[in-house]
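I'd like to ask you about the structure that follows.
Rule-based calculations on the coordinates, nothing more; no lab input. Being a predicted model, the structure only gives us computed values, none of them experimental. A quick note on method: Cβ atoms are made from the backbone with ideal geometry, for glycine too, and the neighbour counts reach across all protein chains shown.
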Amino acid sequence: MTSALAYPDITKSNQYDAVVLDTHAFLWFIGGDDRLSERARNLIATLDNEVFLSVASLWEMAIKINVGKLRLPRPFGDLIPEQLIHNEIQVFHAELPHMTHYVDLPLHHRDPFDRMIIAQAQGNAMKVVTRDRAFSRYDVDVLW
């Protein structure tokens, strides 16, 4: 990226690993789904790690609920904030530098929500917790 825009420093300390969750990883974690790998579950649950959920994931879930492609056991407005607080997961807001980076990403992956997660992770040197193999086509550390 050739932009002079600075990425926000969102992590508390360099002594912790900062990870951003793909939407399915978050949903599988809060739902206790066996499809989430043990390694991913431990990374999310370990308090030594700073765990983030992209605002793009929140938007993706809201859209999928609205069009009938996602059902949650409780209303979105109750369940999601409760789980974020309970699991100490921070919302990762998309800033202008992330959008600028997003525009410059090659189209290896067509999912706009995943592409935003990739842009955010790259811009803030974070690892991504995902099972999606398409992430590996980008310069981003994937954990699963």
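If each DSSP helix of 4+ residues adds -39,500 (n - 2.57) and the sum is divided by the residues in the chain, what number results at 222 nm, nearest 500 deg cm²/dmol? If you can, show how the numbers build up before the last one.
Numbers: 6 runs with 61 residues, N = 144.
Value at 222 nm, helices only: -12500 deg cm²/dmol.
I would also like to ask the following. Which of VAL103, VAL129, VAL91 moves most in a GNM of the chain, Cα contacts under 10 Å?
Checking each option, the largest mean-square fluctuation is seen for VAL103.
Which of HIS24, HIS98, HIS86 moves most in a GNM of the chain, Cα contacts under 10 Å?
Looking only at HIS24, HIS98, HIS86, the biggest GNM fluctuation is shown by HIS86.
Also, I was wondering about something else. Out of [x] 18.6, 59; [y] 17.3, 71; [z] 14.7, 44, which label holds the value of Rg and Dmax of the Cα atoms in Å that was computed here?
[z]
According to a simple spin-label model (label point 7 Å from Cα along Cα-to-Cβ), what is the distance in nm between ASP17 and ASN66?
Placing both labels 7 Å along Cα→Cβ, they lie 3.5 nm apart.
Considering Cα pairs under 8 angstrom that are at least six residues apart, work out the relative contact order of the chain and quote it in whole percent.
Dividing the mean separation by the residue count of the chain yields 32 percent.
Among ARG39, ARG74, ARG115, determine the one that fluctuates most according to a GNM of the chain built with springs between C-alpha atoms less than 10 Å apart.
Result: ARG74 has the largest fluctuation of those listed.
For segment 51-81 and segment 98-144, what is the separation of their Cα centres, given in Å?
The distance from the Cα centre of segment 51-81 to that of segment 98-144 comes to 20 Å.
For MET99, MET126, which order do you get if you count the other beta carbons within 10 Å of each Cβ and list the fewest first? Numbers along the way, then the final one.
Values: MET99 14, MET126 21.
The fewest-first ordering by Cβ neighbours comes to MET99, MET126.
Sketch the reach of a paramagnetic label on GLU88 as a point 7 Å from Cα along Cα-to-Cβ, and name the residues of segment 20-62 whose backbone nitrogen lies under 17 Å away.
Inside the label zone: 20-21, 30, 41-53.
For ASP104 and ALA45 in one chain, what is 0.36 nm times their gap in residues minus the Cα-Cα distance, to one decimal in nm? Provide the component values of the computation, followed by the final result.
Numbers: separation 59, 0.36 × 59 = 21.24 nm, distance 3.30 nm.
Stretched fully, the ASP104-ALA45 segment lengthens by 17.9 nm.
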